[in-house]
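Asker: Starting off with a structure, shown below.
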Amino acid sequence: MIRDQIKQVIEQALAAAQADGQLPEIEQPAIEVLRPKQAGHGDYSTNVAMVAAAALRKSGASSNPRAIAEIIAAHIPADGLVGRVEIAGPGFINIHLSERWLQQQVNAIVAAGDAFGAIDIGRGAYWQVEYLSANPTGPVHYGGARNAVLGDSLANVLEAAGYRVQREFYVNDAGNQFNIFAATLYARYAQLLGRDEAIPEDGYAGEYMIGYAQTIVERCGDRFLHMDRNAAIGELKELSKELVLASLQSEVSKLGIRYDRWFSEQSLYDSGLVYEVLDKLRARGDIGERDGATWFLASKYPKVDKDEVVIRSNGMPTYFASDIAYHYDKFVVRGFDHVVNIWGVDHQGHVPRMAAVMAALGLDPSRLTIVLHGLVKLIRNGEEVKLSKRRGALITIGDVVDEVGADAVRFNLLTRGPESTIEFDLDLAAQASWDNPVCYVQYSHARICSLLSNAESKGLNLQPESDLSSLLTHEVEIALIKKILELEEQIELAVEKLSPHNLTHYATDLAKAFNAFYRDCRVVDSAEPTLSAARLQLSQAARIGLKNTLTLLGISAPESM
C-alpha cells in the first residue's frame with residue numbers, strides 16, 4: 001500500500017541521515033504514517049522526527065524535533081513516490097505525493113483490472129464468517145437483512161485482503177422453538193384436511209404456515225392424520241426443515257447472499273459432540289451440578305458474573321450447550337484461525353460468556369470476534385413499519401428486495417457502522433434518481449461505460465501503446481487519481497473495523513471525484529486526440545475503482561441505466 005511505501009522511504013531517509021553522521025545511531029523508532037485531518041497538510045504525515053527526538057533524549061543527545069525533521073526530509077529522494085515535504089508544528093513531516101508518480105498509477109490500475117485494490121494482509125489465514133443464523137421456523141423478516149449483508153460483504157472484503165474465508169449459516173434446528181414450529185405446522189396441516197386441531201398457545205400464527213402446510217398436503221396427502229400425533233410431528237420436523245431452508249435459500253439469494261455451508265445444530269447432538277465437549281470441560285473443572293441442573297462455571301472467568309445452565313433439571317440441553325460444542329467444532333475440529341459471528345445487539349450479554357467458553361476450551365478468546373449490529377427501522381410514508389413473525393405481520397427480506405431492489409437494500413444497510421441503528425426509507429430507496437445514494441454511484445459507473453463506448457465508436461484509442469499519463473495535470477485529474485488509489489486503504493480499514501460500511505462512503509466520494517473531473521475536463525475532444533486518450537484511460541481507471549468497490553459490497557455495477 002502507498003502508506004507502507006512511504007513508511008519505507010522515511011525509514012531509508014532516517015538510516016541515510018545516520019549513515020552520513022547527521023543523526024546519531026538510535027534504535028529504529030515506531031513510525032506512524034497517517035493521512036492529515038486537514039486538507040492542505042499533504043497527502044500523508046509522519047511523526048518520525050518526534051519519535052526519534054524522544055529516543056535521542058534518552059541517550060542525552062540533541063533532540064530538537066524540527067531540526068531532526070529537516071535532516072530526515074533532506075534525505076528523502078527528490079524523485080519517485082514523494083514529491084515534496086513540509087515541516088509543520090512541533091516536527092511533523094507532511095508529505096505530498098509526486099505528481100508524476102500519481103500519473104503513472106493510471107496505467108497500473110487499468111492493468112490490474114478486477115485485481116485492483118486487493119491486498120495481502122491476511123496472508124492466507126483461514127477465517128470463518130457466520131451470519132444470519134436462525135431457527136428454521138419460517139421466512140426471515142426484513143430485520144435479518146442487515147445481518148446478512150454485513151456478513152456477506154465482510155467476507156468479500158476479507159477475501160480481497162488475502163484471507164481464506166468460509167461463509168456459514170448455523171441452522172438452529174435442535175431447540176424448543178423448532179418443536180413449537182413443527183406442532184404449529186401439524187395443526188395447520190390438519191386444519192387444511194378438515195380436522196379441528198388447535199394451534200399451540202405459543203405457536204406461529206403467520207399465514208406463511210398455511211403455505212407450508214399446503215405444500216405438505218400436496219406432497220404427502222393425509223397420511224400424517226393416520227399416525228400417532230407425536231410421531232407425525234416428529235416426521236414433520238424433518239420435512240418442514242427442508243421446506244423452510246429451501247425457502248430461506250431462495251429468499252437470501254435475492255440479496256445475492258451465498259453460503260459455503262449450512263451447519264445443523266442437531267448434528268452436534270447426533271454426533272455426540274455436545275456431551276463429549278461437556279465431559280472435557282467437566283474434567284477441567286468447568287462443569288458443575290447444582291439444583292438438579294448441569295452448569296458451565298462461567299463466573300470463574302473475567303467479566304462474567306454468573307454461571308450458565310447447559311443441561312436443565314428436566315435433562316434437556318440449552319442453546320448454550322450447543323454453542324459450546326459448535327465453537328469447539330469450529331476451532332478444534334475444523335481448525336479456523338479466526339471466527340467472526342454476526343449477531344444482533346440483543347445478544348450482547350452472550351459475548352463475555354463466549355469469551356469464557358473459549359478460555360475454558362484452552363483457546364485464545366481473541367480468536368473469536370462477535371460483531372453486534374443495531375436494529376433496522378423500516379420507514380414507509382414517514383412511519384415505521386412494525387414486524388412480528390409470531391403475529392404474522394411479516395415483511396420478509398424478499399418482500400423488500402422485490403419492492404426496492406437488492407442493490408438499494410444492500411447499500412442502505414451498509415451505510416453505517418454495525419453498532420448504529422439504521423432507518424431505511426423505502427420511498428427514497430425506490431427512487432431512480434441522483435438523490436438515491438446507490439443510484440448516484442451506479443449512474444456514475446454507467447456514465448463512464450457510456451463515455452468509453454461512445455469514444456470507441458468514434459474511433460478513439462482506449463488503449464494507447466505509449467504512456468500518455470503525463471498529460472493528466474489538471475487538479476481534478478490528480479484528485480481523481482488520488483481518490484481511486486485510496487481503495488487499498490479502505491479495504492484495510494474495513495478489515496480493521498470488521499465492517500465494510502466505509503466502502504459505501506468511499507464509493508460515493510469516488511463517484512463525486514469522477515463527476516467533478518467529467519464536469520471540468522473535456523474527456524472526448526476530436527481536436528485533442530492524445531489528451532482524450534489519456535483522459536479515457538483515467539476514466540477507465542475510475543470505472544475499475546467503482547466496479548471493484550461495488551463488487552465488495554455485493555452491489556451490481558450496471559453499464560447502462
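Asker: Considering only region 162-194, state which residues are under 36 Å from the mean Cα position of the chain (by Cα), surrounded by fewer than 17 Cβ atoms within 10 Å (Cβ to Cβ) and either at positive phi or at pLDDT 95 or above (or both).
Answerer: Gly162, Arg164
Asker: Hey, could you check region 466-478 for residues that are over 13 Å from Gln105 (Cβ atoms), out of contact with any Asp or Glu (no Cβ under 8 Å at 6 or more places or on another chain) and loosely packed, with under 14 Cβ neighbours inside 10 Å and say which is modelled with the highest pLDDT? Let's see the steps before the verdict.
Answerer: Kept after step one, since they are over 13 Å from Gln105 (Cβ atoms), are these residues of region 466-478: 466, 468, 471, 473-476.
Keeping just the survivors that are out of contact with any Asp or Glu (no Cβ under 8 Å at 6 or more places or on another chain) gives 466, 468, 471, 475.
Retained after the next criterion (residues that are loosely packed, with under 14 Cβ neighbours inside 10 Å): 466, 475.
Values: Ser466: 81, Glu475: 97.
In this case the residue turns out to be Glu475.
Asker: Filter region 75-99 down to the residues that are loosely packed, with under 15 Cβ neighbours inside 10 Å and in a loop (DSSP other than H, G, I, E, B) and list them by number.
Answerer: Pro77, Ala78, Asp79, Gly80, Gly89, Pro90
Asker: Go through region 127-139 residue by residue and tally those that are of a type outside the set (Gly, Ala, Ser) and either in a strand (DSSP E or B) or surrounded by fewer than 21 Cβ atoms within 10 Å (Cβ to Cβ) (or both). Give the derivation first.
Answerer: We begin by selecting, within region 127-139, every residue of a type outside the set (Gly, Ala, Ser); these are 127-132, 135-137, 139.
Now restrict to residues that are either in a strand (DSSP E or B) or surrounded by fewer than 21 Cβ atoms within 10 Å (Cβ to Cβ) (or both): 127-130, 135.
Of the residues in that region, 5 qualify.
Quick grid of which residues meet (1) touching a residue at least 40 places away in the same chain (Cβ under 8 Å); (2) surrounded by fewer than 18 Cβ atoms within 10 Å (Cβ to Cβ); (3) of a type in the set (A, V, I, L, M, F, W, C):
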{"position": "Leu493", "(1), (2), (3)": "no, yes, yes"}
{"position": "Lys497", "(1), (2), (3)": "yes, yes, no"}
{"position": "His505", "(1), (2), (3)": "yes, yes, no"}
{"position": "Ala513", "(1), (2), (3)": "no, no, yes"}
{"position": "Ala516", "(1), (2), (3)": "yes, yes, yes"}
{"position": "Asp520", "(1), (2), (3)": "yes, yes, no"}
{"position": "Val523", "(1), (2), (3)": "yes, no, yes"}
{"position": "Ser532", "(1), (2), (3)": "yes, no, no"}
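Asker: Something else now. Can you tell me which of (1) over 30 Å from Gln166 (Cβ atoms); (2) surrounded by fewer than 19 Cβ atoms within 10 Å (Cβ to Cβ) is the one Asp279 doesn't meet?
Answerer: (1)
Asker: Return a yes/no flag: does region 141-164 have any residue that is hydroxyl-bearing (Ser, Thr, Tyr) and either assigned to a helix (DSSP H, G or I) or over 24 Å from Glu486 (Cα atoms) (or both). Spell out how you get there, then give the answer.
Answerer: Residues of region 141-164 that are hydroxyl-bearing (Ser, Thr, Tyr), as a first pass: 142, 153, 163.
Now drop any that are not either assigned to a helix (DSSP H, G or I) or over 24 Å from Glu486 (Cα atoms) (or both), which leaves 142, 153.
Yes, because at least one residue in region 141-164 is hydroxyl-bearing (Ser, Thr, Tyr) and either assigned to a helix (DSSP H, G or I) or over 24 Å from Glu486 (Cα atoms) (or both).
Asker: Across region 66-119, what is the total count of residues that are under 23 Å from Leu23 (Cβ atoms) and of a type in the set (A, V, I, L, M, F, W, C)?
Answerer: 17
Asker: Take region 219-275 and flag every residue that is basic (Lys, Arg) and touching a residue at least 40 places away in the same chain (Cβ under 8 Å). Reasoning before the result, please.
Answerer: Keep residues of region 219-275 that are basic (Lys, Arg), which gives 219, 223, 229, 237, 241, 254, 258, 261.
Correct list: Arg229, Lys237, Lys241, Lys254, Arg258, Arg261.
Asker: Which residues, taken from region 21-45, are at pLDDT 90 or above, assigned to a loop (DSSP other than H, G, I, E, B) and farther than 17 Å from Glu70 by Cα?
Answerer: Of everything in region 21-45, those that are at pLDDT 90 or above, assigned to a loop (DSSP other than H, G, I, E, B) and farther than 17 Å from Glu70 by Cα turn out to be Glu32, Arg35, Pro36, Asp43.
Asker: Further question on the same structure: Could you grab me the full set of residues in region 307-332 that are in a strand (DSSP E or B) and buried (at least 19 other Cβ atoms within 10 Å of the Cβ)?
Answerer: Going through region 307-332, the residues in a strand (DSSP E or B) turn out to be 308-311, 317.
Result: Glu308, Val310, Ile311, Pro317.
Asker: Anything in region 451-496 that is in contact with a Cys (Cβ under 7 Å, 6 or more places away or on another chain) and either within 21 Å of Val441 (Cα to Cα) or aromatic (Phe, Trp, Tyr) (or both)? List them, or say none. Before the answer, list the steps.
Answerer: Step one: filter region 451-496 for residues in contact with a Cys (Cβ under 7 Å, 6 or more places away or on another chain), giving 474, 476-477.
Hits for region 451-496 are Val476, Glu477.
Asker: Counting only residues that are surrounded by 15 or more Cβ atoms within 10 Å (Cβ to Cβ) and not aromatic (Phe, Trp, Tyr), which one in region 333-343 is nearest to Lys377 (Cα to Cα)? Give the derivation first.
Answerer: The first filter runs over region 333-343 and keeps only residues surrounded by 15 or more Cβ atoms within 10 Å (Cβ to Cβ), leaving 334, 336, 338-343.
Retained after the next criterion (residues that are not aromatic (Phe, Trp, Tyr)): 334, 338-342.
Values: Arg334: 37, His338: 31, Val339: 28, Val340: 25, Asn341: 22, Ile342: 18 Å.
For region 333-343, the residue satisfying everything is Ile342.
Asker: What is the one condition in (1) surrounded by 15 or more Cβ atoms within 10 Å (Cβ to Cβ); (2) within 18 Å of Tyr170 (Cα to Cα); (3) of a type outside the set (Asp, Glu); (4) at pLDDT 95 or above that Arg261 does not satisfy?
Answerer: (1)
Asker: Same structure, new question: Could you grab me the full set of residues in region 1-53 that are free of Cβ contacts under 8 Å to residues at least 12 places away in the same chain, surrounded by 13 or more Cβ atoms within 10 Å (Cβ to Cβ) and among the aliphatic types (A, V, I, L, M)?
Answerer: Residue satisfying the conditions is Ala15 alone.
Asker: Give the residues of region 302-325 that are within 30 Å of the chain's Cα centre (by Cα) and either hydrophobic (A, V, I, L, M, F, W, C) or farther than 18 Å from Trp343 by Cβ (or both), sorted by residue number.
Answerer: Those that are within 30 Å of the chain's Cα centre (by Cα) and either hydrophobic (A, V, I, L, M, F, W, C) or farther than 18 Å from Trp343 by Cβ (or both): Pro302, Val304, Phe320, Ala321, Ile324, Ala325.
Asker: Please pick out the residue among Ile342, Ile379, Ile311 that is closer than 23 Å to Phe169 by Cα and touching a strand residue (DSSP E or B) at 6+ places or on another chain (Cβ under 9 Å). Can you show your working first?
Answerer: Working: Ile379 fails: closer than 23 Å to Phe169 by Cα; Ile311 fails: closer than 23 Å to Phe169 by Cα.
Matching residue, one of Ile342, Ile379, Ile311: Ile342.
The values are calculated or read from the model by the stated rules, or taken from the named source; none is laboratory data. Note that the coordinates shown come from a computational prediction; the quantities given were computed from them, not determined experimentally. Cβ coordinates were reconstructed from backbone atoms using ideal geometry, including for glycine residues, and neighbour counts include every protein chain displayed.
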